[in-house]
Amino acid sequence: MRKNYFYLGFVLLVCQLTIANDSIVLFSEAAKANLKEYIRKSNIAYQEKEYAKGEKLFSELVEQKLIGTQFDDFIFKKINRGKFKVANIKLPVILLTYASWCVFEKGEIPAINKLAQDYKNKAQIVIVFWDTKKNLKKIKHKFDRNVTVCYASEEYTEDSKAILLLKKGMGYPMQYHLDSNKEIVAIKKHIAKPNFKHNINESFTNNYNEYNSDLNDLLLIDSTNKNTFVSK
């Protein structure tokens, strides 16, 4: 009889796990289903200078279609050898996408470096540049060793999926906030036009506070998600 109970419990557990896995929606799947229509409407809005409408369309895309999906297992080349594999993340991640020609605010990189130190072993900051390694020689030395700096380019066949979805589809600069289970909890457009009127101290403070708020929110959501999973 005990064996029968054990077998029944095992079957129920397998069924629950199967249902849970079946309910997982990949970010790429959700984006593929919704990006084309979003881009069409967004282009019209910005062409007609309806900027508020364009931002609203982006917010609706993110909040209604992309948050809660699971980030794909992209693999990015690290600037200092090795690879960053999304599949291997153990901590919440803020992943930023840039190009080498994107201009950072004066205090942004110092703020990112300080936060990477402050949140070491709690969260990870990853920056992906849409460029080749040779074009990143100057900028790579500006980042702290706790910041994971990566690159991806059309020149590398293995980067084609990330380029198509994250660079050409979503655009950049962009922030992706992932919990420790790779679930997307937020996507934010990054500052396209840095404020150069601020001195470096003001810029550092503003950027530190903004990123710090994002990291706090991310850790809180990650903790909540873990507790919810355990209670189930």
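The values are calculated or read from the model by the stated rules, or taken from the named source; none is laboratory data. Computed from a prediction, not measured in an experiment: that's the story for all the values here. Note that we place each Cβ from the backbone using ideal geometry, even for glycine, and neighbour counts take in every protein chain shown. SASA here: full protein model, heavy atoms, side chains in, ligands and nucleic acids out. Shrake-Rupley method; radii C 1.70, N 1.55, O 1.52, S 1.80 Å.
Given DSSP loops and a limit of at most 14 other Cβ atoms within 10 Å, what is the longest stretch of the chain that contains no such GluC sites (Glu not before Pro)?
51-153
Here are a few candidate values for mean projected area of the Cα convex hull in nm²: (i) 16.2; (ii) 17.8; (iii) 15.6. Which one was actually calculated from the structure I just gave you?
So the structure-derived entry is (iii).
Determine the shape class of the stretch 85-158: with a ≥ b ≥ c the square roots of the Cα gyration tensor eigenvalues, call it rounded for a/c under 1.5, and otherwise prolate if a/b is greater than b/c, oblate otherwise.
Oblate, since a/c reaches 1.5 and b/c is not below a/b.
Taking the stretch 146-209, which chymotrypsin sites (Phe, Trp or Tyr not before Pro) meet the DSSP loop condition and have no more than 11 other C-beta atoms within 10 Å?
In loop regions of the stretch 146-209 (DSSP not H, G, I, E or B), the sparsely surrounded chymotrypsin sites (Phe, Trp or Tyr not before Pro) are F196.
Grab the other residues whose beta carbon is less than 12 angstrom from that of S180, score K and R as +1, D and E as -1, and report the net.
Net charge in that neighbourhood comes out at +1.
Using a Förster distance of 41 Å, how high is the FRET efficiency between Q117 and I67, based on the Cβ-Cβ distance and rounded to 0.05?
With R0 = 41 Å, the Cβ-Cβ based efficiency is 0.90.
Over the chain, what percent of the accessible surface lies on carbon and sulfur atoms, probe 1.4 Å?
Carbon and sulfur: 54 percent of the exposed surface of the chain.
What distance in nm separates the two pseudo spin-label positions at S59 and H190, each 7 Å out from Cα along the beta-carbon direction?
The answer from the label model is 2.3 nm.
Using the crude model of +1 on Lys and Arg Cβ and -1 on Asp and Glu Cβ, and no other charge, please compute the dipole size for the stretch 129-203 relative to its Cα centre, in debye to 20.
340 debye
Return the tail of the calculated pair distribution for the stretch 76-123, meaning the percent of Cα-Cα pairs more than 18 Å apart.
Summing the P(r) tail past 18 Å for the stretch 76-123 gives 45 percent.
Keeping all protein chains in place, calculate the accessible area per residue for the chain (probe 1.4 angstrom), answer in Å².
61 Å²
Using only alpha carbon pairs under 8 Å that are at least six residues apart, calculate the relative contact order of the stretch 47-140 and give it in whole percent.
For the stretch 47-140, the relative contact order is 27 percent.
Restricting to bridges with both residues inside the stretch 45-136, how much of the DSSP beta-bridge set is antiparallel, in percent to the nearest 5?
Of those bridges, close to 35 percent are antiparallel.
Pull out a ≥ b ≥ c, the square roots of the eigenvalues of the alpha-carbon gyration tensor of the stretch 55-189, then state rounded if a/c is under 1.5, prolate if not and a/b is larger than b/c, and oblate in the remaining case.
Rounded, because the longest to shortest axis ratio a/c is under 1.5.
Give the residue from Q117, Q47, T97 lying farthest towards the positive end of the charge dipole for the chain; charges sit on Cβ (+1 for Lys and Arg, -1 for Asp and Glu) and the dipole is referred to the Cα centre.
After comparing all options, I get Q117.
Using a simple charge model, +1 on the beta-carbon of Lys and Arg, -1 on the beta-carbon of Asp and Glu, nothing else, what dipole does the stretch 24-183 show about its Cα centre, in debye to the nearest 20?
That gives the stretch 24-183 a dipole magnitude of about 700 debye.
May I ask which residue of Q70, N216, S160 lies farthest towards the positive end of the charge dipole of the chain, with charges of +1 (Lys, Arg) and -1 (Asp, Glu) on Cβ and the Cα centre as origin?
The Cα lying farthest towards the positive end belongs to S160.
Normalising by the residue count of the stretch 111-232, find the relative contact order in percent from Cα pairs under 8 Å and 6+ residues apart.
23 percent
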